[in-house]
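First the structure, in the form of C-alpha cells, and then the observations on it.
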Amino acid sequence: MNVEERLYLKATDFLKTSRGFRRNRLDDIFTRRLYIVSEQDVLVENYLRKRPKMAFNPGALLENKTLTVFPRLIFEYYTYTSSIGLFKLNVEDLINGKAVLPVHTKIILWPKMLWEFKGCEDARVFKRNDSGLIMLYTGYGYLPENNKLNTVIVQAYGRFDEDYNCTMRNFFKIRTPDGGVFLPKVNKDSAFIDVKADEAIMLTRPLVKNLEICWSSRANIQEAVIYEEAMEPILPFEDWEWKVGWSTNTVKISSNEYLVGWHGILREDYSYRNGLALVDGEGRLLAISDYLLAPKGLNEEYGDRPLVIFGNGLVTYKEILIWVGGVSDYAIGCFTAELDKALESLKWIKRI
C-alpha cells in the first residue's frame, strides 16, 4: 500500500464515523465594514501597471492598531497569473467606517519558480517575534516528469525579512516513515498553529485521490516536508457539500485554543459558505460551528467566480473578530463580529 492509499484509507474510515456535527444552516453574524474594489480602490506603487484587474483572497496580520493586508493581485484576464501584495489599514478606522481609499499597495511576492509559474495565490501569514514573517500561499505552476511538464498546485511558503523581502521559498511534500516523499496533485488551504524553530503544527488540505477534507499535521519548514505519520483527518465534508477546506490563519484565543475559519462548497449552488472551528495546540478539533458567513446580495454574489467569500485573514481586536476575505474573485471584503457571539456559535466536540 503506497502513501496515497494509506491516506485515502484513513480519510474514508474517518468519513464513516465523523459526519453529522454540522447542519446546513446559515446564521450570518458578520457586519459588512468595507469593500475594496481592485480597479478603483487599489493603487500599486512598485510596478509599471498601477491598477490590478482583480484584488481578492487576502491574508491579514494585526500588530497594535495596524492591519496589514496581503491581497492576491491579478493584472491580466487571459493567464490569470497572480502575485501577492500588501497594504496597511488603521484597524479602528476600518471598524468605524473611516478607512481611506485607495489603498497604496506594494507587490512582495510574484512567480519566480517553475512550480509557481502560473501564479502565487491566497496568502496566509504567521509571525513570531523570533522567527519573522512566514507566508503560506498556493503555488500554481509546473513540475517536470517523464520529459514533460505537469501542472501542479502546491502548498508553498515564503520567509520574509522586516522589509518584506522574500528570502526563501519552497513547497511542502509529504514524507513517509521510510524517508520517501509524496507530492499530492493538489495541496493548499493550510495554516500554521504554532512554529518552534523549524518544526510546525499545521492544518492542511491535500487532495487524496478524489477526497478533499481538512487535516492536521506536523511539518518541518526548513526541509519543506509534512510527516505522513502525523497526518490526521479532523474536519469532513457533509452530504450536502462537495468538499471542505481551511479558510484562514489561526488565531490564539487561550493557552491551548486556536480559532480558524473553514469553508464548505455546497452541492446545490456551488457557493462557498464559511464557518469557524476551534482546535488545540496539536491540531485536534475541539468545536465547530454551522455556517456563519456567506455571500449575500449583488455585490457579494456576482463576480468572476460567483457566490464566494473566501479567507484568508482572521484577526481579533479587543472584543471584535475581523474576517478579511475575497469577494467573488474581484474584491476584498472586511467583515466583523463580536468575538463572544462567534464563540457562542461553536458546538463542542471534545473538551481539553
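If you stretched the chain out fully between GLN40 and GLU199, how much longer would it get, using 0.36 nm times the residue separation minus the C-alpha to C-alpha distance?
53.1 nm
Where a Cα-Cα gap under 23 Å defines reach, which lysines qualify for LYS65, not counting those fewer than 8 residues away within the same chain?
LYS88, LYS98, LYS106, LYS127, LYS252, LYS318, LYS341
Please compute the volume of the convex hull spanned by the alpha-carbon atoms of the range 157-278 and report it per residue in Å³.
135
Could you give the spread of the C-alpha atoms of the range 1-74 along their three principal axes, from largest to smallest, in whole angstroms?
Answer, in whole Å and largest first: 51, 37, 28 Å.
Mind pulling the per residue volume of the convex hull built on the Cα atoms of the range 217-352? Å³ is fine.
That works out to 138 Å³ per residue.
Run lengths n ≥ 4 of DSSP H only: what is the helix-derived mean residue ellipticity at 222 nm for the chain, with -39500 (n - 2.57) per run over all residues, to the nearest 500?
Calculated mean residue ellipticity at 222 nm is -2500 deg cm²/dmol.
Work out the charge dipole of the range 3-348 with +1 on the Cβ of Lys and Arg and -1 on the Cβ of Asp and Glu about the Cα centre, then indicate which of ILE107, LEU286, PHE172 is farthest towards its positive end.
ILE107
If the cut-off is a Cα-Cα distance under 12 Å, which aspartates and glutamates reach LYS188, setting aside same-chain residues fewer than 8 apart in sequence?
Straight-distance partners of LYS188: GLU121, ASP122, GLU212.
Name the lysines eligible as straight-distance cross-link partners of LYS148: C-alpha to C-alpha under 23 Å, and not fewer than 8 places from it in the same chain.
Of all the lysines, those that pass the test against LYS148 - Cα under 23 Å, at least 8 places apart if same chain - are LYS112, LYS118, LYS173, LYS185, LYS209.
Which residues does the label zone of LYS10 cover in the range 232-256, counting backbone N under 16 Å from a point 7 Å along Cα→Cβ?
Residues 232-236 qualify, since their backbone N sits under 16 Å from the label point.
Any idea how far the Cα center of the range 59-121 sits from the one of the range 1-38, in Å?
Measuring centre to centre over Cα atoms gives 25 Å.
For an R0 of 41 angstrom, estimate the FRET efficiency from the Cβ-Cβ distance between ASN146 and LYS53 and round to the nearest 0.05.
It comes to 0.70.
Once all Cα-Cα distances of the chain are split into 10 Å bins that start at 0, what whole-number percent is in each one?
Per 10 Å bin, starting at 0, the Cα pair percentages come out as 5, 26, 37, 25, 6, 0.
Computed from the coordinates by the stated procedures, all read-outs in this text should not be read as laboratory data. Because the structure is predicted, anything quoted here is derived from the model rather than measured. All Cβ positions, glycine included, derive from the backbone under ideal geometry; neighbour counts span all protein chains shown.
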